[in-house]
Amino acid sequence: MYVDSHCHLNFPELVAQLPKIRADMRAAQVEQALVICTKLEEFDAVHRLALDDADLWASVGVHPDNEGIAEPDLAALVERAGLPRVVAIGETGLDYYRLGGRSVDDMQWQRDRLRVHVCAALATGKPLIIHTRSASADTLAILREEGAAQVGGVFHCFTETAEVARAALDMGFHISFSGILTFRNAEDLRRVAAEVPLERCLIETDSPYLAPAPHRGKTNTPALVPLVAAELARIKGLPVDEVAHATSANFRRLFRIPAPGTPG
């Protein structure tokens, strides 16, 4: 019924309790999840989770915030993207939220890294998972310049304006909403969610972070993604089952993932 389009089950907070997390997912009718890679050093662990569980899938990418790690080149991304059960490039993007005394000009390395990921997506035909924070203008500009509309993807954990959402949609991207949608101070985001067509919406947890209300501040898991679906349904005035089925179908279509129980 539900899917979690973005989680980090390899992170220490979750991997140590994976059997319970998977049992909780089944009890909550969360059928599938995409486990996200944030640096090349963790890719093998992310990929192993997908190989060992028919309902988990993997991405390959390096998060824009990660420094002092193996810098991805085109060959490294393309090679890993070609492995079984790897369905996306990312997460990648730009993040100017914590500059640490640096200027936006100093973040050229982030912009170069994003371009490498777009090139990998174009080379493999796999969609992009985009992280953008306090950097939407540059993110959109690079995606346009590099031709990312050819592969599309998703702006994950969306917190930007309606204008940014429309620009992303115009390039063929989906918009994914996390537990932030349920936060008391997220009224602006709820207005954005009301505008995004259901056929372009995804839902996610970004677990172990951003647990939805009433679990805010606790460790998040994919079993809580139904709460995001429920809030999106409330905003759109739709039955939650309709939102669950639509976002699951969108997920499978975007990442070319078969339904549960189908070989793939």
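The values are calculated or read from the model by the stated rules, or taken from the named source; none is laboratory data. Owing to the predicted nature of the structure, the values given are computational and were not obtained by experimental measurement. Glycine gets a Cβ as well: all are built from the backbone with ideal geometry, and neighbour counts include every protein chain shown.
Listed values, structure above:
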item	result
Failed condition for Q110, given (1) under 23 Å from T159 (Cα atoms); (2) of a type outside the set (A, V, I, L, M); (3) assigned to a loop (DSSP other than H, G, I, E, B)	(3)
Lone qualifier among A229, A259 - being under 20 Å from the mean Cα position of the chain (by Cα), more than 17 Å from H156 (Cβ to Cβ) and either among the hydrophobic types (A, V, I, L, M, F, W, C) or at pLDDT 95 or above (or both)	A259
The stretch 184-219, residues that are more than 16 Å from L232 (Cβ to Cβ) and either in contact with a strand residue (DSSP E or B) (Cβ under 6 Å, 6 or more places away or on another chain) or in a strand (DSSP E or B) (or both)	S207
Scan of the stretch 125-157 for residues that are surrounded by 24 or more Cβ atoms within 10 Å (Cβ to Cβ), over 11 Å from the mean Cα position of the chain (by Cα) and farther than 11 Å from Y96 by Cα, ordered by number	K126, L143, A148
Any hit, the stretch 53-66, residues being in a helix (DSSP H, G or I) and over 20 Å from G153 (Cβ atoms)	no
Check on A54, closer than 21 Å to R111 by Cα and either surrounded by 14 or more Cβ atoms within 10 Å (Cβ to Cβ) or touching a His at 6+ places or on another chain (Cβ under 7 Å) (or both)	no
Every pair of residues 6+ apart whose Cβ atoms lie under 7 Å, when the first sits in the stretch 239-254 and is under 22 Å from A149 (Cβ atoms) while the second is modelled with pLDDT under 95	R252/A259
Filter result for L189 (more than 21 Å from C119 (Cβ to Cβ), surrounded by fewer than 24 Cβ atoms within 10 Å (Cβ to Cβ) and over 15 Å from the mean Cα position of the chain (by Cα))	yes
